[in-house]
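Reading through the structure tokens given below for one structure.
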Amino acid sequence: MMAKMKALVCRECGKEYPTKAIHVCEMCFGPLEVKYNYAEVKGIISRKKIEEGPRSMWRYADLLPVEGTNYLGPHAGLTPLVRAKNLGAHLGLDELYIKNDTVNHPTLSFKDRVVAVALTRARELGFETVACASTGNLANSVAAHAAAAGMRCYVFIPGDLEAAKVLGNLIYKPNVVEVEGNYDDVNRLCSEIAGEHGWAFVNINIRPYYAEGSKTLAFETVEQLGWRTPDQVVIPMASGSLLTKIWKGLHEMKAVGLINEVRTKINGAQAEGCSPISTAFKAGRDFFKPVKPKTIAKSLAIGNPADGYYALKATGESKGSMDMVTDDEVVEGIKLLAQTEGIFAETAGGVTIGVLQKLVKNGTIKKGDVTVAYITGNGLKTQEAVIDAVGRPVRIQPSLVAFEKTFKMGKNGGGDS
Amino acid sequence: MIKVRIPTPLRPLTKGQGEVEAQANNIASMIETLNNAHPGFKDRLCDESGELRRFVNIYVNEEDIRFLKGKETALNDGDEVSIVPAIAGG
């Protein structure tokens, strides 16, 4: 049998490289991407094999860039696809679903998918030390997986992260490096550090493998919809990688014969305070201008989005759309999802719900469209964003009288019955 | 003199050096100077029309030149320039 991975290939000029820990084309600086032998995969993959596979994203291992089955992060993925009847009714959609990665294992964000792939591959390539540049969720996931794998770990984060995301690193005892600057500063610094140290930087030299993990969000959605592709998806964008990989994942399913056609429209969501990709889309440009981020949606605060070009391309090809929302709309989006579906999302989820709402209102997403909103992180990690918008508990003395008086209930239990 | 930090993909051109020095008054002239010292340098950074390739990021004293004046960004004695490939999110 031939290997399922053929090569790394430059997305810009097409030059091919061996499947090592490299991420940039030496000729043109373009990003490298994993190229598979789809004919080979087609012969071994099937709906039945997937359905009988592990209860995790590794059921799609035939389309993931690892060689063995010694997975680090064996429980990542296969999160619930929630039929959101209440939110759907509120927005005027007949068939809305939430892909709920707020409960991904082990660190409650979609990053557990990409990190499981990155660390599995890093170990296959012989690395002992892992590292990352992160807006928070990625660092949490790398730190947790490294602890479980017994690998040395360095995580680099911007200086203004939410408290829970900082603590969510420290508890696993990696080296946590807080950089005085924003994520784009962290990214540049890490790129230079990666050149000096032989570490597996998951989103730098391991990026071609790491990014592939995001495809599982597409695979699972299709399987959970009964092997149907959705008509519309709404995806939050930071670097634009997730959106690009969901689009790639849908097309791979077709390439290996799991589905017959892809009709999905891909929609991208950003916060106004950091919307270089959505701004370019709305202006009809195929290139973006970097920005200095200023938004509460810190997990999306990447002013210089590396995959911005490809996100614009994927959205255009799919005939989808992009939009952005204000920070107030982000908070309203978080509350709306919580109060209609009982799902507490982080700020990126507020961006997704806010943009979903906008796209329904302006007619881009129609009542009958089967729609999936990707909720990629957990609200307990970004409590600062909503703490002033959720009210306070009602405080009473420990007596029945005090309770009855406060809620002014009748003898039969009052309001609820 | 300005200091230029060289990323891994370009080090084969600088005999493995991670840092080189150059005499130049802006980014465009820096690229020409480096190309003279290390032939092939310009082709890696710039496309056929001479514009910087879209996945090349250049920083002067930690600031992205797209927030400054692009290739016309002035350089002064002691400035530090970094050339960095675009990298993914996190």
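Might you let me know whether segment B:33-53 holds any residue that is modelled with pLDDT of 95 or more and β-branched (V, I, T)? Within segment B:33-53, one or more residues are modelled with pLDDT of 95 or more and β-branched (V, I, T).
Scanning segment A:317-332 for residues that are outside any helix (DSSP H, G or I) and among the β-branched types (V, I, T) yields A:V325, A:T326. Out of A:T135, A:T102, A:T107, one residue alone is of a type outside the set (D, E, K, R), more than 20 Å from A:K20 (Cβ to Cβ) and modelled with pLDDT under 95. It is A:T135. Between A:Y38, A:Y60, the distinction of being buried (at least 22 other Cβ atoms within 10 Å of the Cβ) and of a type outside the set (A, V, I, L, M) belongs to A:Y60 only. Criterion first (in contact with a Phe, Trp or Tyr (Cβ under 8 Å, 6 or more places away or on another chain), surrounded by fewer than 24 Cβ atoms within 10 Å (Cβ to Cβ) and farther than 21 Å from A:E220 by Cβ) does A:L380 satisfy it? Yes, satisfied. For A:E223, the conditions (1) under 21 Å from A:I365 (Cα atoms); (2) assigned to a helix (DSSP H, G or I) all hold with the exception of (1). Report whether or not A:R123 is surrounded by fewer than 24 Cβ atoms within 10 Å (Cβ to Cβ), in contact with a helix residue (DSSP H, G or I) (Cβ under 9 Å, 6 or more places away or on another chain), closer than 26 Å to A:I246 by Cα and away from chain B (no Cβ under 14 Å). Here the answer is yes, as A:R123 does meet what is asked. In the set (1) more than 14 Å from every other protein chain (Cβ to nearest Cβ); (2) more than 23 Å from A:D231 (Cα to Cα); (3) in contact with a helix residue (DSSP H, G or I) (Cβ under 8 Å, 6 or more places away or on another chain), the condition left unmet by A:C28 is number (1).
Report yes if A:A144 is over 29 Å from A:L356 (Cβ atoms), assigned to a strand (DSSP E or B), small (G, A, S) and in contact (Cβ under 8 Å) with a residue 24 or more places away in the chain, otherwise no.
Judged against the criteria, A:A144 is not a match.
Of all residues in segment B:1-26, those satisfying the criterion of being among the charged types (D, E, K, R) and either within 12 Å of another protein chain (Cβ to nearest Cβ) or more than 23 Å from A:I193 (Cβ to Cβ) (or both) are B:R5, B:R11, B:E19. Within segment A:4-55, the only residue that satisfies the criterion of being within 25 Å of A:L125 (Cα to Cα), among the polar types (S, T, N, Q) and in contact with a Leu (Cβ under 9 Å, 6 or more places away or on another chain) is A:T19.
When restricted to residues that are of a type in the set (K, R) and out of contact with any strand residue (DSSP E or B) (no Cβ under 9 Å at 6 or more places or on another chain), segment A:193-246 contains 2.
Test A:G136 against the stated conditions and say whether it is buried (at least 24 other Cβ atoms within 10 Å of the Cβ) and at positive phi. Can you show your working first?
Numbers: buried (at least 24 other Cβ atoms within 10 Å of the Cβ): yes; at positive phi: yes.
Judged against the criteria, A:G136 is a match.
Just checking, how many residues over segment B:52-69 are within 11 Å of chain A (Cβ to nearest Cβ) and touching a helix residue (DSSP H, G or I) at 6+ places or on another chain (Cβ under 8 Å)?
Initially, segment B:52-69 is screened for residues within 11 Å of chain A (Cβ to nearest Cβ), giving B:52-59, B:62-67.
Going one step further and asking which of them are touching a helix residue (DSSP H, G or I) at 6+ places or on another chain (Cβ under 8 Å), we end up with B:52-54, B:56-59, B:62, B:64-65.
Going through segment B:52-69 one residue at a time, the tally reaches 10.
Determine which member of the set B:A28, B:A24 is in a loop (DSSP other than H, G, I, E, B) and either among the hydroxyl-bearing types (S, T, Y) or at pLDDT 95 or above (or both).
Values: B:A28 fails: in a loop (DSSP other than H, G, I, E, B).
Exactly one of B:A28, B:A24 is in a loop (DSSP other than H, G, I, E, B) and either among the hydroxyl-bearing types (S, T, Y) or at pLDDT 95 or above (or both), namely B:A24.
Would you call A:A211 part of a helix (DSSP H, G or I), modelled with pLDDT of 95 or more and within 10 Å of chain B (Cβ to nearest Cβ)? Lay out the reasoning, then the answer.
Values: part of a helix (DSSP H, G or I): yes; modelled with pLDDT of 95 or more: yes; within 10 Å of chain B (Cβ to nearest Cβ): yes.
Spelling it out, A:A211 is indeed part of a helix (DSSP H, G or I), modelled with pLDDT of 95 or more and within 10 Å of chain B (Cβ to nearest Cβ).
Among the residues of segment A:249-278, those that are under 21 Å from A:T135 (Cβ atoms), of a type in the set (G, A, S) and not in a helix (DSSP H, G or I) comprise A:G268, A:A269, A:A271, A:G273, A:S275. Out of B:S49, B:S29, B:S82, one residue alone is among the hydroxyl-bearing types (S, T, Y), within 14 Å of another protein chain (Cβ to nearest Cβ) and out of contact with any Lys or Arg (no Cβ under 8 Å at 6 or more places or on another chain). It is B:S49. Residues in segment B:6-21 that are in a strand (DSSP E or B) and either in contact with a Phe, Trp or Tyr (Cβ under 9 Å, 6 or more places away or on another chain) or crowded, with 19+ Cβ neighbours inside 10 Å (or both): B:V20 alone.
Quick one: is A:C13 more than 27 Å from the chain's Cα centre (by Cα) and closer than 22 Å to B:R11 by Cβ?
So A:C13 fits the description; yes.
Across segment A:164-189, the qualifying residues are those that are modelled with pLDDT of 95 or more and in a helix (DSSP H, G or I), and the one among them that is surrounded by the fewest Cβ atoms within 10 Å (Cβ to Cβ) is A:L170.
Okay, residues lined up against (1) among the β-branched types (V, I, T); (2) in a loop (DSSP other than H, G, I, E, B); (3) more than 14 Å from every other protein chain (Cβ to nearest Cβ); (4) without any contact (Cβ under 8 Å) to a residue 12 or more places away in the chain:
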{"residue": "A:A280", "(1), (2), (3), (4)": "no, no, no, no"}
{"residue": "A:P293", "(1), (2), (3), (4)": "no, yes, no, no"}
{"residue": "A:P305", "(1), (2), (3), (4)": "no, yes, no, no"}
{"residue": "A:T315", "(1), (2), (3), (4)": "yes, no, yes, no"}
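Candidates are the residues of segment A:2-20 that are without any contact (Cβ under 8 Å) to a residue 40 or more places away in the chain and not hydrophobic (A, V, I, L, M, F, W, C); the one that is farthest from the other protein chains (Cβ to nearest Cβ) is A:K6.
The sole residue among A:H90, A:H23, A:H105 that is away from chain B (no Cβ under 14 Å) and within 24 Å of the chain's Cα centre (by Cα) is A:H105.
The values are calculated or read from the model by the stated rules, or taken from the named source; none is laboratory data. The structure displayed is predicted, hence computed values, not measured ones. For neighbour counting, all protein chains shown are included, and Cβ atoms are generated from backbone atoms with ideal geometry for every residue, glycine included.
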